[in-house]
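Asks: Take this structure first; my questions come after.
The values are calculated or read from the model by the stated rules, or taken from the named source; none is laboratory data. Just so it is clear, the model here is predicted, and its values are computed rather than measured. Glycine gets a Cβ as well: all are built from the backbone with ideal geometry, and neighbour counts include every protein chain shown.
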Amino acid sequence: MKPSNNCLPGTAAHITTWMWAALMWSLMTLAACSSGGNNAEAPAPLAACDPNDPATSNECGTVLVGFTDADGDFLNYTVDVLSLKLQTAGGVVVETLPLKTRINFTDYVDLTEFVTAASIPPGIYVSGSIRLDFRNAEVLVEAGGEPKPALVVDADGNTLTEAEYRIILSNRDRLVITRGRPSLLTVDFDLDASHTVDVLSTPALATAEPFIVAEIDPVDTKDIRVRGRLIDVNEADMYYTVAIRPFHDLIGDFGRMQVNVRDNTAFEVNGVEYAGIAGLRALNAAGQGTLSIAQGTLDVDLREFSANLVLAGSSVPGTDRDAVRGNVISRSGNDLTVRGATIIRPGLGAWFCDDVVVKIGPDTKVFKTGHPNAGLDISAISVGQRVTIYGDITASDSARVHLDATAGAVRMHVTHLAGLVNSIVPGQTDINLQAIDRRRVQIFDFSGTGTGPDTDADPENYEVATGNLFMNPLATGRPVVVYGFPNAFGAAPPDFEGRTIVDFSDVRSTLGIGWGIEGTLAPFLSIGTDGLVLDNQNPDIDVRHHIKQGPVLIDLTTLPSGTVIKPREPGRNLFVVKTTDSLQLYSDFDDFVTALLNELDGVTTARSMFARGHYDADTNEFTAYKIGVYLLEP
């Protein structure tokens, strides 16, 4: 069933879900037992501080909270978070969210969004709670290339509207807040590891198995996004400060954040491009209160955020014009169809709408991320391109939404390909294209992309210009991930300009397996410090039993031997043992193995497992930086 595309406010299908209730009670076990961040000495006794009182605000500490997600089956997963509280060992409770915020976690597979920079009293925080509102939750999965509403259920089919759940922290793990130094907390909403999705039912059913962790120092580094209203600019020291307003929130102040700027930081302020200090001056001229979005990197040790790209003023989607974000799946003349679209409207916020038809024209401005002042026109926009388009919604009928961008603008974003390598020659790699930005290639119509009908892009032999980028000569027939931009419309071949290539030796892989509602007593053939060996023929294995290596889905039960899962070396790792009422985190694999051996005592069963890292199909070895095992205690 394809939902209605009548996507203006009040018409989107709202799917009620209880899932966050099930997930959030296990939200935060904060860092691995041997993590350096865990072993900080206790600060001075809890200080009285009021962030709004100048007399005591200097006594406060700061916790920076970021939300992120892992790649999964969901096209849209939006929920309202009403409250996120932390509690000290002495029972003092503080609120970190001043207002509710609405979040689509599928937007944060490749990003971490800073949600709040909360000023709180120094101390050791050991627990907390979160309050959730599910009544307007929106959940969609992909079925046959089309979006399908999903209902998230537990084994008993329970549903909830609003509830508060306690956050339980391990006795050995602490979030330490000290005066004058921000502490970092990244909450990873791993939807894929937390669900088994049945897309055949109507609506689709997503059965939740909570696997959410929060880390002091995240092991999976991603770009950071900071959205907020401008407070001030410091040109001498090259930074500006914002009052955080995360996601697409229309009101509120979620704390202060400093954004550092480099000479090569790209700016777009009110539709004009700048770089470095010129951009900072343009931002300053735009005035206090100007809305901005910065994307960049965080120095975890120094707690300093530096921007690679800053959008401000009317360049922020939904500030003073309607905006649509998604991928171009077809183009006919000056008409674009954008799939997987998020619509952002001034004063109304954002929501998901799968298809939007966009009209562009000669006066449409075109920007390309990473290419300031490139002098582009609408010919640069081709099929597959990830875009944000600014214009005016003119109609919404039973089929789709229409946006007029003839006097608007298009920003072309870095686009993500996944496929299998067909051939490699100097300067070019041809691939069997499987997906673009996690959407199946079958939904894209490449008509008109070539200089003529005979040279239109062919997904079975998609030509990627690689320049001087290195490709492993053994990559033929193997998975590959490419980041870059489709070539201009009507200009192929080549079909795509590759900027970064990740071949089979380093492509991101995930492993997921479940053993039914009752679990299994013997999930592994062996458990040791050299690795875990899965029993791929265990009769208790349920519908989840795969490795996803880039675009390739590998059925674990078809492999000739047990898959070896071993830790990444060198590098930081995170290993999780979850039971019904606890979540134990480890950074040392030996400690993790000891915990597993103690728990799998012949009575306790394993319900499910996930791993993230890299898979070697030749050796059937999975090298993981993150592993989680869910155990059912008797």
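Asks: Being assigned by TED's automatic domain parsing to the domain that holds residue 423, farther than 30 Å from residue 195 by Cα, at pLDDT below 95 and small (Gly, Ala, Ser) is the requirement here; does residue 488 meet it?
Replies: No; evaluated as a whole, the condition is false for this residue.
Asks: I would also like to ask the following. Of all residues in the range 612-634, which are modelled with pLDDT under 95 and in a loop (DSSP other than H, G, I, E, B)?
Replies: Listed by number, the residues that qualify are 617, 618, 633, 634.
Asks: Here is a follow-up. Among 507, 482, which is within 22 Å of residue 554 (Cβ to Cβ) and in a strand (DSSP E or B)?
Replies: Values: 507 fails: in a strand (DSSP E or B).
Among 507, 482, only 482 is within 22 Å of residue 554 (Cβ to Cβ) and in a strand (DSSP E or B).
Asks: Name the pairs: first residue in the range 173-187 and basic (Lys, Arg), second residue at pLDDT 80 or above and in a strand (DSSP E or B), Cβ to Cβ under 6 Å, at least 6 apart or on different chains?
Replies: Close Cβ pairs (under 6 Å, with a partner that is at pLDDT 80 or above and in a strand (DSSP E or B)) amount to 174/124; 179/61.
Asks: Can you tell me which residues in the range 117-144 are surrounded by fewer than 21 Cβ atoms within 10 Å (Cβ to Cβ) and under 13 Å from residue 162 (Cα atoms)?
Replies: Correct list: 131, 133, 135, 136.
Asks: Would you pick out the residues in the range 329-371 that are under 26 Å from the mean Cα position of the chain (by Cα) and outside any strand (DSSP E or B)?
Replies: 346, 347, 348, 369, 370, 371 - these are the residues of the range 329-371 that are under 26 Å from the mean Cα position of the chain (by Cα) and outside any strand (DSSP E or B).
Asks: Is it true that residue 64 is in contact (Cβ under 8 Å) with a residue 12 or more places away in the chain, under 19 Å from residue 226 (Cα atoms) and assigned to a loop (DSSP other than H, G, I, E, B)?
Replies: Numbers: in contact (Cβ under 8 Å) with a residue 12 or more places away in the chain: yes; under 19 Å from residue 226 (Cα atoms): yes; assigned to a loop (DSSP other than H, G, I, E, B): no.
So residue 64 does not fit the description; no.
Asks: Further, regarding this structure: I'm checking my understanding of the structure. Among residues of the range 539-561 that are surrounded by fewer than 21 Cβ atoms within 10 Å (Cβ to Cβ) and touching a helix residue (DSSP H, G or I) at 6+ places or on another chain (Cβ under 9 Å), which one is farthest from residue 630 (Cα to Cα)?
Replies: The qualifying residue farthest from residue 630 (Cα to Cα) is 546.
Asks: Of all residues in the range 186-205 being out of contact with any helix residue (DSSP H, G or I) (no Cβ under 7 Å at 6 or more places or on another chain) and among the small types (Gly, Ala, Ser), which is modelled with the lowest pLDDT?
Replies: At the first step, the residues of the range 186-205 found to be out of contact with any helix residue (DSSP H, G or I) (no Cβ under 7 Å at 6 or more places or on another chain) are 186-188, 190, 192-193, 195-205.
Filter once more, keeping what is among the small types (Gly, Ala, Ser): 193, 201, 204.
Working: 193: 78, 201: 87, 204: 87.
Filtering the range 186-205 for residues that are out of contact with any helix residue (DSSP H, G or I) (no Cβ under 7 Å at 6 or more places or on another chain) and among the small types (Gly, Ala, Ser), the one modelled with the lowest pLDDT comes out as 193.
Asks: On to the next question. In the range 138-153, what count of residues is obtained for those that are touching a Ser or Thr at 6+ places or on another chain (Cβ under 7 Å) and modelled with pLDDT under 80?
Replies: Qualifying residue count, the range 138-153: 2.
Asks: Here's a follow-up. For the range 201-213, what are the residues that are touching a residue at least 40 places away in the same chain (Cβ under 8 Å) and either assigned to a loop (DSSP other than H, G, I, E, B) or under 16 Å from the mean Cα position of the chain (by Cα) (or both)? Working first, answer last.
Replies: Our first condition is that a residue be touching a residue at least 40 places away in the same chain (Cβ under 8 Å); within the range 201-213, this holds for 202-213.
Hits for the range 201-213 are 202, 203, 209, 210, 211, 212, 213.
Asks: Just one of 529, 605 is over 30 Å from residue 475 (Cβ atoms) and either free of Cβ contacts under 8 Å to residues at least 40 places away in the same chain or surrounded by fewer than 18 Cβ atoms within 10 Å (Cβ to Cβ) (or both); which is it? Write out each step before concluding.
Replies: Numbers: 605 fails: either free of Cβ contacts under 8 Å to residues at least 40 places away in the same chain or surrounded by fewer than 18 Cβ atoms within 10 Å (Cβ to Cβ) (or both).
When all the criteria are applied, what remains is 529.
Asks: In addition: So residue 216 ticks every box in (1) surrounded by 21 or more Cβ atoms within 10 Å (Cβ to Cβ); (2) touching a helix residue (DSSP H, G or I) at 6+ places or on another chain (Cβ under 7 Å); (3) at pLDDT 95 or above but one. Which box is left unticked?
Replies: (3)
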